[in-house]
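Every read-out reported here was derived from the displayed coordinates using simple, explicitly stated rules and does not represent laboratory data. Since the model is a prediction, treat every value here as computed from it, not as a measurement. So basically every Cβ, Gly included, is an ideal-geometry build from the backbone, and we count neighbours across all protein chains shown.
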Amino acid sequence: MFHVTPDGETTAGEDHRAAFEVGLLVGLLVGEGHFGGDGRQPQVTLRMHTDHERLFRWIEKSFPGGKLYGPYHHGGRSYYQWMARGRFLREKLLPILERHLTAELDEKAFRRFREMKTRYGL
């Protein structure tokens, strides 16, 4: 948690930055993400238009361990796809989502996340 001093400065800038990064990622996954798998292993996927390349590059830098694919161009669409699988999903992303993705935040995303965890024994 950060605090604002009387002159408007934050006393824990790194904590604030980390909270922002986590919040932004969780928000993107709630709104645009897919919680599923390939039948053998779970995966979280974020697919968006190539216009969002800078955002995907930020995700790569801020949350190393996921994998960015693309750009893809087919069916009149152009997009990137970021995927979290394996060790990164289990050890890094899953704890973030378990802490911040709640039914109170978004019931549909929470249900999909819970179904993925159940299906893949997480």
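Structure notes:
- Set R111, R87, R54, R47: member being surrounded by 14 or more Cβ atoms within 10 Å (Cβ to Cβ) and either basic (K, R) or assigned to a loop (DSSP other than H, G, I, E, B) (or both): R47
- Members of the stretch 30-76 that are of a type in the set (S, T, N, Q) and in contact with a helix residue (DSSP H, G or I) (Cβ under 8 Å, 6 or more places away or on another chain): Q41, Q43, S62
- All told, G33 falls short of being more than 10 Å from the chain's Cα centre (by Cα) and in contact (Cβ under 8 Å) with a residue 12 or more places away in the chain.
- Residue list for the stretch 91-121, restricted to those being touching a Pro at 6+ places or on another chain (Cβ under 7 Å) and of a type outside the set (A, V, I, L, M, F, W, C): Y120
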